[in-house]
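First up is the structure itself, then whatever we jot down about it.
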Ligand code: SF4
């Protein structure tokens with residue numbers, strides 16, 4: 001598939017077969033970026049933080065898969081040590097070309113996130129129903145696809161949780177983030193039947209952000225998902241994926257394919273609004 005420097009492709013476009021929460025979020029951030037990633041399949045290699053997060057998820061998946069009395073910090077350390085060689089040898093981590101001190105920082109970051117679970121809850125007291133659940137289900141008109149980190153049984157009802165190893169959002173931005181777990185709750189209900197009580201974002205080592213999964217809350221998240229799906233389909237109909245410029249352009253991997261993004265970054269640089277260390281800087285030289 002040929003791509004012009006600004007990401008336009010003259011051939012007909014094929015609509016996506018699924019929409020995941022992360023894909024929906026990226027589309028909302030910038031339709032042009034969404035197209036470059038999901039239609040043109042231009043590379044967007046994960047950074048160290050995202051890769052470290054995959055190892056954290058893997059260790060916690062195994063830990064919560066153990067019997068409750070085995071879910072100790074010591075066991076988590078053993079699991080992390082077991083997982084490390086395979087993780088370090090993966091093509092994505094190898095591509096980071098980490099120096100010895102950077103490897104130490106990377107492993108420290110992973111461990112801080114894993115141990116951070118104990119700041120939020122005692123995993124030995126959790127009644128786990130499922131971990132790493134692939135949810136491939138039709139939600140209204142949207143073919144939803146996502147992987148739910150954990151589902152617990154509690155006295156109050158079923159709780160769905162998603163681990164986050166980054167920093168929690170600033171006040172006022174939590175509601176957007178909670179849509180993801182509300183959609184997971186909706187997909188869990190649609191797949192398994194029954195109801196859910198709460199949905200949580202577990203910011204490891206920091207705090208938990210939670211919402212009651214009332215019908216009203218889930219309907220609101222589903223409504224916003226449908227709006228994004230309809231907007232995405234409109235983009236496919238018109239074959240126009242407008243760039244949405246802003247602060248995130250400086251962190252976009254596709255600035256070489258986006259003249260509007262390059263202009264935005266220059267404007268922000270002139271205004272002193274962007275760090276010269278931002279990844280996109282190299283495309284402006
Ligand atoms: S540079 Fe900015 S406007 Fe262009 S694709 Fe990336 S995020 Fe979108």
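Things to note:
- Counting 0.36 nm for each residue step from residue 77 to residue 49 and taking away their Cα separation leaves a gain of 8.1 nm.
- Approximate spin-label separation residue 25-residue 128, in nm, with each point projected 7 Å along Cα-to-Cβ: 2.3
- Estimated FRET transfer efficiency when R0 is 45 angstrom, pair residue 86-residue 259 (beta carbons, to 0.05): 0.60
- Förster radius 30 Å - calculated FRET efficiency between residue 195 and residue 227 (Cβ-Cβ, nearest 0.05): 0.75
- Computed with the Debye formula from one identical point scatterer per Cα of the range 48-120, without solvent, the log10 of I(q)/I(0) at q = 0.14, 0.17, 0.21, 0.25 Å⁻¹ comes to -0.42, -0.60, -0.88, -1.18.
- Taking only the alpha carbons of the range 126-235, we obtain Rg and Dmax values of 13.8, 45 Å in that order.
- Maximal additional length on extending the residue 112-residue 167 stretch stands at 18.6 nm, based on 0.36 nm per residue less the C-alpha distance.
- Gyration tensor (alpha-carbon) shape descriptor, the range 173-277, a/c threshold 1.5: oblate
- Dividing the Cα radius of gyration of the chain by its Kirkwood radius returns 0.98 for Rg/Rh.
- Helical content of the chain, expressed as a calculated mean residue ellipticity at 222 nm, amounts to -14500 deg cm²/dmol (DSSP H runs of 4 or more residues, -39,500 (n - 2.57) each, divided by residue number, nearest 500).
- Separation of the range 82-97 and the range 99-168, taken as the distance between their Cα centroids, equals 21 angstrom.
- On full extension, the segment bounded by residue 40 and residue 215 gains 59.3 nm, given 0.36 nm per residue less the C-alpha separation.
- Each Cα pair under 8 Å and six or more residues apart adds its separation to the average, and for the range 243-285 the resulting relative contact order is 45 percent.
- Compactness of the range 243-285, expressed as Rg and Dmax over alpha-carbon positions, Å: 8.7, 23
Bear in mind that the values in this text are calculations on the coordinates, not laboratory data. Everything numeric here is computed off the predicted structure, so don't read it as measured data. Cβ: placed from backbone, ideal geometry, glycine included. Neighbour counts: every protein chain shown.
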